[in-house]
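Asker: The structure's right below; bear with me while I get my questions together.
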Amino acid sequence: IRGGKILGICLGMQLMGSRGSEDGDTPGLGLIPNPVERFTPQEVGKNKIPHIGFNTVSSKPGARLFRGLPVASDFYFVHSYRMLPEGLNGVTAICMHGVKFLAAYEQDNIFATQFHPEKSQTNGLLLLRNFLAQ
């Protein structure tokens, strides 16, 4: 991805991981060096799998995707698989669904969101504008 930028949304973000566990162990693109695994009942506790609906995303100050948004903003999710944020340099935002998981990532020209900005109303439109302005 020389000279360009890429935004992975939901499954697109998961494909960027090092590997995925859906339907067996599958190698990912490796653009984000962490694996993608299914939420476990132990992780989510009383929460449901899949994780569906609006949830609060906590972004890092200075995150380019979140410019102009509050540090805690709501976005729309629909997923059963997650990437944990530990060990990543590009952690941009996290969310809680029983366990803290990676909600958004940006590193150089690689951008990704586990949530759906296109379904996240005003917050999502601003995030997409921020991506296009990079």
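The values are calculated or read from the model by the stated rules, or taken from the named source; none is laboratory data. Worth saying up front: this structure is predicted, and the values here are computed from it rather than measured. Glycine also receives a Cβ, built like all others from the backbone with ideal geometry; neighbour counts cover every protein chain displayed. Please note that ligands, DNA and RNA were not included when accessible areas were found on the heavy atoms of the full protein model with its side chains. Shrake-Rupley method; radii C 1.70, N 1.55, O 1.52, S 1.80 Å.
Asker: Go through region 61-93 and count every residue that is open to solvent by 50 Å² or more (accessible area, probe 1.4 Å) and closer than 19 Å to N34 by Cα.
Answerer: So the answer is 4.
Asker: Would you mind telling me which numbered condition in (1) small (G, A, S); (2) more than 11 Å from the chain's Cα centre (by Cα); (3) more than 15 Å from N130 (Cα to Cα) A103 fails?
Answerer: Of (1) small (G, A, S); (2) more than 11 Å from the chain's Cα centre (by Cα); (3) more than 15 Å from N130 (Cα to Cα), only one is false for A103: (2).
Asker: Restricting to region 18-30, what's the tally of residues that are in contact with a Phe, Trp or Tyr (Cβ under 9 Å, 6 or more places away or on another chain) and in a loop (DSSP other than H, G, I, E, B)? I'd like the intermediate steps shown before the answer.
Answerer: Of all residues in region 18-30, those in contact with a Phe, Trp or Tyr (Cβ under 9 Å, 6 or more places away or on another chain) come to 20-22.
From what's left, in a loop (DSSP other than H, G, I, E, B): 21-22.
So the count comes out to 2.
Asker: Whether any residue in region 46-67 is modelled with pLDDT under 95 and of a type in the set (S, T, Y) is what I want to check.
Answerer: Within region 46-67, none of the residues are modelled with pLDDT under 95 and of a type in the set (S, T, Y).
Asker: Within region 45-55, which residues are within 17 Å of the chain's Cα centre (by Cα), surrounded by fewer than 16 Cβ atoms within 10 Å (Cβ to Cβ) and not aromatic (F, W, Y)?
Answerer: Within region 45-55, P50, I52, G53 meet the criteria.
Asker: OK, next. Assuming Q134 fulfils every condition listed in (1) part of a loop (DSSP other than H, G, I, E, B); (2) within 15 Å of G8 (Cβ to Cβ); (3) modelled with pLDDT of 95 or more; (4) of a type outside the set (A, V, I, L, M, F, W, C) apart from one, which condition is it?
Answerer: (3)
Listed here are the residues, each with its yes/no results for (1) touching a helix residue (DSSP H, G or I) at 6+ places or on another chain (Cβ under 9 Å); (2) at positive phi; (3) part of a strand (DSSP E or B); (4) free of Cβ contacts under 8 Å to residues at least 12 places away in the same chain.
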residue	(1), (2), (3), (4)
L65	yes, no, no, no
G68	yes, yes, no, no
F75	yes, no, yes, no
V78	yes, no, yes, no
R82	yes, no, yes, no
P85	no, no, no, no
I94	no, no, yes, no
L102	yes, no, yes, no
